[in-house]
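Asks: Please see the structure below; I have some questions.
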Amino acid sequence: MRGTIFLVSFSLILFELLLTRIFAVVLFAQFAHLALAIALLGIGVGAIAQHLRPSLVPEAGPDGRMERRLGWWSLALAGSAVLAVLAALYFPVLDAPEVGPSDYQDRSYNTAVLLNTGWFVAMLPLLMLPCAVAGLIFAGMFQRLKDQIGQIYAADLIGGAFGAVVFLPVLGWLAGPDTVFLIVTTAALAALAAFWQAKDRRGLWAAGAAALLGAALSVGSAVGGGGGSLLPVREAAGYSERDVVYTRWTPLVRLAVWEQAGETKILLDNTSASEVVKTAADRDRMVDHAARSLVFRLGGQPDGASGGASDNAAARVAILAASAGPEVAAAQALGFSDIDAIDIASEIFSLVATRFPDAPANPFLQPGVRHVHSDGRAAILRAERPYDIILMVHANLWSAAGLLASAWSPALLETREAFGTYLDHLSPDGTISFGKGSATTSLLPSILAALRERGVKEPGRCVALIEGNSSLVLVKHRPWTEEEAARLRASLTLYRNATLTLDPAAADATAALTRLARKEPLMTDNRPYMDTPDLVWEALRGLMPGGSGERLSSLKVLYRSLMVQMLAVLAAGALFVGAPMARYWRSDVAGLTGGGGVLLYVAGLGYGYLALETVLIHQLVLFVGHPTYAITVVVLSMMLASGLGSMVTGRLAEAGLVRSLRWVLGGVLVLGGVQTWVLPPLLYATALSLPLAARLAVTFVGLLPLGFLMGMPFPLSLRILPRGAAGIIPWAWAINGWMSVVASMFTVLLSRIYGYPAAFGVALGFYAVAFAAVGRLARARSVRHAGCWRE
């Protein structure tokens, strides 16, 4: 039966990861946490269903009835996964009139109005259904095969680990939503394994047919080369798909080509619309945008006072988040030709180059442009020579839909440490140019802190802030000269509504910079967010009776959405976990002493495990370069190592289980502390410039010891419990899952408001609660039929 649970867990992880990719396109990003929380809740619901109806997974017997039932439940998992994906793709959960991506920013402020609550609520149970079926299978096998708990739990975790490791390659093979066909195949194979053991011929035929169908559809999608999906997106969040003429799913992003009235844009998921530059007129429009071109008008070399083409051609340029290349085109229009175009989703470079080969101004067909597939900071660190210009515009941070994702990766390009990296890799007279629209002033605290860390006594003389239709900030690591400041003021006259708010030549430049920087929170690698408790409270006031109805900022929209989701999850938990427990708790644990201590223990484990995993994913995004990479490597290493740890628990001597459990939990606290406060700065300082494969390998190996220990407490606790405590095990599993749901959302809030160390500290605090509850776990005893139960 280990093969069946391995394949079920493999299928479940693929389904959960697939949801994150689908939601990145069809829904505003802030709703993704609710979908994942409901999915986690589904596992607990399945466990409760098995407990209330034990016949769902019956006792094992010579007639193979348990195996037969598990086979049919595995087929149910395959079918329900298809239903869930179809619901996510085609339920009209957002009102989407026929608008293009240019209207996306305005629509992102109105998600509460755009959301069709009825359809959204109808979709959530379907998303939860595959997880509930999997939870039922897990609970049934834990209950029926308790003596093999170490091996069964290990198969569960290792299956999930393998699901995580194949997810990225699969997305390079199959068009995103079509991954559900692979899920059907593997779930059907799980059913085949169960039916084979039960010697059920009818079941074997059904499972075989489902596996062949899933495999055939997977091959059909693969033949398409990851382009058009057999299950296409009906509407993306924020804009209509009517004018989308081409799509391509990659492991990190869905690329779509949108064309209307001669205008062409490349869409990345639903958070970015980057214009394709095809003609000289297109290129001239890029030059009219100050954030894209002002730094190039100032000239690339100090000797070129005129900023002439010959001087510019010798300048070395790095463009972060280059996307479809509008900033590259602006640089080329002003004579720059030594350009590194850097983007983590670099497939966009080849898409623009190959789809528009005859476009005379195509920026990626011009000489001197190098395509760099990397996250921005790693690319700068690996550069062999310093840059004369380092530029970034927006990096898809401006919309509410992209805000949640931006806190995970693009915002790491704007922290104090990030600007320190840019300054350290800037030529002596070089310039950094960052534009973030109306939020450009949020960059000032990071810039000020980075300059002061490098001993700059008058940082205001190194910084120019331009506000207006196209806001940006220009930074040098030495004071601007009078000639450079004069050239800056003269260049600004070429742009409409561009005001020099911070003049580096002003007498009070440093005081003015300090005054503006104090108005914004400082973003660091440990807290790459602009959130503050006051801002969160202000955002939530609108949820209360008589609350403000003003147009909200993206951040306020995000927090209101997250809070509504948390309330929805709490309500669902009360309905699906709390209500059944209130009804059946007393009868299930009658005669058992110490039941409360058992639940306290599993609650600590449930919150602690997922919270640590969640913070590790957030924290390691910087090191591995992208959220998808971080999710994959953390889930892989943690689940694989935890599976190995679970296997080891079956070999520990019965007499020393309580002592072993205390040592294991103590080890988790120690290694968790090392991972929180010791390893991150060490990795950033010594290994951030390594190639991606090396960074992934370092992350994988570094997490193995912690993951190994974290896989041991749950199976150890089940071995410690007496047989007479069987009535509490389903409730323990449900509480464990419910606390994982709470951790998945609460940890995000803690990380955003107080930073990763605080979220880590709370997670380790829950492990400390579990450590303190070990004694109560060991004292859980039945007061009746003691002679029949192992004490």
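Asks: Mind ordering 438-449, 318-329, 509-520 by average Cβ neighbours within 10 Å, highest first?
Replies: Highest-to-lowest ranking by the protection proxy: 318-329, 438-449, 509-520.
Asks: When ranked by the protection proxy of mean other Cβ atoms within 10 Å per residue, highest first, what sequence do the peptides 645-656, 165-176 form?
Replies: The most tightly packed comes first, giving 165-176, 645-656.
Asks: For residue 393, enumerate residues with amide H under 5 Å from its amide H, sequence gap 5+ or separate chain, H modeled in the peptide plane.
Replies: Hits under the 5 Å cutoff: 435.
Asks: Going down the table (265/519; 265/476; 436/476), which pairs top 26 Å between alpha carbons?
Replies: Where the Cα-Cα span goes over 26 Å, the pairs concerned are 265/519; 265/476.
Asks: Can you work out the Karplus-derived ³J(HN,Hα) for every residue in segment 273-283? Use 6.51 cos²θ - 1.76 cosθ + 1.60 with θ = phi - 60°, whole Hz, and x for glycine or proline.
Replies: 10, 10, 6, 8, 8, 10, 10, 4, 5, 4, 5
Asks: For a quick protection proxy, order the peptides 615-627, 62-74, 277-289, 460-472 by their average other-Cβ count within 10 Å, most packed first.
Replies: The peptides rank, most packed first, as 615-627, 460-472, 62-74, 277-289.
Asks: Which parts of segment 50-83 would a label at residue 145 reach, counting a residue when its backbone N lies under 16 Å from a point 7 Å out along Cα-to-Cβ?
Replies: 57-75
Asks: So, one more: Taking 0.36 nm per intervening residue step and subtracting the Cα-Cα distance, what contour gain separates residue 653 from residue 469 on full extension?
Replies: 59.2 nm
Asks: Can you compute 3J(HN,Hα) from phi for each residue in segment 243-256, using the Karplus curve 6.51 cos²θ - 1.76 cosθ + 1.60 with θ = phi - 60°, rounded to whole Hz and x for Gly and Pro?
Replies: Coupling constants for segment 243-256: 9, 7, 9, 7, 9, 8, 8, 10, x, 10, 7, 9, 9, 9 Hz.
Asks: Once both labels are modelled 7 Å past Cα along the beta-carbon direction, what's the residue 481-residue 314 spacing in nm?
Replies: According to this spin-label approximation, the distance is 1.4 nm.
Read-outs: derived from the displayed coordinates by stated rules, not from any lab. The structure displayed is predicted, hence computed values, not measured ones. Neighbour counts run over all protein chains shown; Cβ positions are idealised from the backbone, glycine included.
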